[in-house]
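The values are calculated or read from the model by the stated rules, or taken from the named source; none is laboratory data. Keep in mind it's a predicted model, so treat the numbers as computed, not measured. Because the Cβ atoms are built from the backbone with ideal geometry, glycine has one as well, and the counts that use them run over all protein chains shown. When the accessible area is computed, the model is the full protein with side chains, heavy atoms only, and any ligands, DNA or RNA have been set aside. Shrake-Rupley method; radii C 1.70, N 1.55, O 1.52, S 1.80 Å.
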Amino acid sequence: MTKQPVTLVTGANKGLGKEVARQLSGLGMRVYLGSRNVERGKAAADDLAKDGADVTAIALDVTDAASVAAAARHIEGQEGLLDILINNAGVLHRVPALETDAENMLATYDVNVFGTVLTIRAFLPLLQRSAHPRIVNVTSTSASMTLTSDPATPFGQSGTIVAYASSKAAVTMMSLQYANAFRRHPSHAHIKINAATPGHIATDLNGHAGTRTVKQGAKIVVDLATLPDNGPSGGYFNEDGLLPW
């Protein structure tokens, strides 16, 4: 229906997601800005549109199967396919490690892990129709078991991100598992999927404690979203390249 590449960014009404939407639109793409809060999504889309961005807000709560399905139906009806899916929606609930309980784990995994699965599953048929489909799962450097096992790193010293770090490690493994599955199925072999960590960016997620800007953090996400057909799939990257698992 349209030759303009179509992108969906989840959790995009602010922070990293909004910046990714801005940058992808700047590359000539039509971007759907997914937001759980419709009014905030529309406000973000209107803000980006002031700079000429082709961005449309869409209601999308990744923890609600009906919401995800409705968003997929809407984009299918409007565009017929999806070229790029950015799974950016995420939460961080800081709890001391020895006080972490199942409730905290479930609340975190519901968004970061199960929400990613829901979204991929719903949009996979639309991605399959694209000539150059790309999926980017936003993860975290704290998901690296290699870095976390080193007590000299910030990740080895952190004591409040049991749920968050483990959920993001699950996202990196999911990315690899999906990549392997796509390769095994000729109908999906053209789909590339990778995990991207933007680094310690300043957003509401961490109380703006990050040392990097969202513009800096968005670079690796955009790079993986626009990979050439001979690019990697199933990797775990920051802007400097592959990260140790």
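Computed values, structure above
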{"quantity": "Spherically averaged projected area in nm², based on the convex hull that wraps the Cα atoms of region 133-245", "calculated": "7.2"}
{"quantity": "Over 23 Å (Cα to Cα) - which of K42/K168; K50/K168; K168/K215 fall in this group", "calculated": "K42/K168; K50/K168"}
{"quantity": "Cα-based equivalent ellipsoid of region 97-153: semi-axis lengths in Å, sorted from largest, via gyration tensor", "calculated": "31, 18, 5"}
{"quantity": "Residues with amide H under 5 Å from that of T197, placed H, sequence gap 5 or more", "calculated": "T139, F237, N238"}
{"quantity": "Relative counts (whole %) of C-alpha pair distances in region 1-130, using bins that are 10 Å wide", "calculated": "14, 43, 30, 10, 3, 0"}
{"quantity": "Under 20 Å from the Cα of K18 - aspartates and glutamates, other chains or at least 8 residues apart", "calculated": "E39, D46, D47, D51, D54, D61, D83, D204, D223, E239"}
{"quantity": "Å² per residue, accessible surface of region 1-159 at 1.4 Å", "calculated": "46"}
{"quantity": "Carbon plus sulfur fraction of accessible area for region 141-193, probe 1.4 Å, in percent", "calculated": "65"}
{"quantity": "Globularity ratio of region 9-61, using Cα Rg and 2.2 N^0.38 Å", "calculated": "0.93"}
{"quantity": "Ranked packing of 7-18, 27-38, most packed first, by mean Cβ within 10 Å", "calculated": "7-18, 27-38"}
{"quantity": "For region 77-87, Karplus couplings with θ = phi - 60° (6.51, -1.76, 1.60), whole Hz, Gly/Pro x", "calculated": "x, 7, 10, x, 7, 9, 8, 9, 10, 10, 8"}
{"quantity": "Mean separation of Cα contacts under 8 Å (6+ apart) over length of region 1-83, as relative contact order %", "calculated": "31"}
{"quantity": "Volume in Å³ per residue [convex hull over Cα atoms, computed for the chain]", "calculated": "120"}
{"quantity": "Cα-based helix-to-principal-axis angle, 115-128 vs the chain, degrees rounded to 10", "calculated": "30"}
{"quantity": "Among beta bridges that DSSP assigns inside the chain, antiparallel share in %, nearest 5", "calculated": "10"}
{"quantity": "Distant alpha-carbon pairs in region 55-198 (separation over 27 angstrom), percent", "calculated": "27"}
{"quantity": "Distance between region 1-41 and region 72-133 - C-alpha centres, whole angstrom", "calculated": "14"}
